[in-house]
Amino acid sequence: MWSAGCSTGEEPYSIAITLLENVPSDWDIKILATDLDTNVLRTASDGVYTEDRVSDLPEETLKQWFMRGKSSQAGQVKVRSQLQQIIQFKQLNLMQDWPMKGQFDFIFCRNVLIYFDRETKTMLAKRYAQMLSSRSWLFIGHSESLNQLSNEFELVACTSYRKNT
Ligand SMILES: C[S@@+](CC[C@H](N)C(=O)[O-])C[C@H]1O[C@@H](n2cnc3c(N)ncnc32)[C@H](O)[C@@H]1O
């Protein structure tokens, strides 16, 4: 799957946790996480967050997927390597060429379309459709919509779209 506009990594790590906790262990899960901004990507790939960023997570989830910092790292958590192993962080400008060849089963592009004008959103929806395998999924943000931008997706739930063919 692809997290397009992953910012500091919360999105791809949350998806990785959800997948590892819910799909059969022999599934080959690979997540590509991209962003324009190399600074946020550095934070994302380090996977170190202050404890307040994860305070809403159940204690069991915290224990399983994060390590608590000690002494000079007190007050911080670091994601466990099992999560980092399935995520590849890369710099990518959505406005330029996309070098990926494979087809994705899911694309998350939450709270990214908001940056673009109507014409660009239409173009991005078309390009996302080309990158998805048949009947695969596109997730966008709660304040976003593909209404009147694309006829290649059906709306399944408020932020969840499925490719038509
Ligand atoms: C509001 S954040 C969304 C983060 C994440 N998807 C979420 O919902 O938690 C938007 C991200 O889009 C990235 N972005 C903006 N324009 C971009 C572009 N042209 N190409 C790639 N990423 C872009 C920004 O750098 C930022 O990290």
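Rank the residues 49, 115, 13 as a footprinting-exposure proxy: fewest other Cβ atoms within 10 Å of their Cβ go first.
Values: 49 18, 115 11, 13 25.
Ranking 49, 115, 13 by Cβ neighbours within 10 Å, fewest first, gives 115, 49, 13.
Note that the range 1-117 carries a Kirkwood radius of 15.1 Å, evaluated over its alpha carbons pair by pair. In plain terms, the residue of 95, 131 with the fewest other Cβ atoms within 10 Å comes first and the most crowded comes last, giving 95, 131.
Taking other C-beta atoms within 10 angstrom as a stand-in for reagent exposure, 10, 154 fall in the order 154, 10, fewest first.
Averaging 1/r over every pair of different alpha carbons in the range 54-100 and inverting the result gives a Kirkwood radius of 13.3 Å. Max-minus-min Cα coordinates of the range 76-165 on each principal axis give 42, 29, 27 Å, with the largest extent listed first.
The convex hull built on the alpha-carbon positions of the range 90-129 has an orientation-averaged projected area of 3.2 nm².
Every number here is computed from the coordinates shown, using simple stated rules; none is lab data. All figures in this text were calculated on a predicted structure; none of them were measured in a lab. Virtual Cβ from ideal backbone geometry, glycine too; neighbours counted across all protein chains shown.
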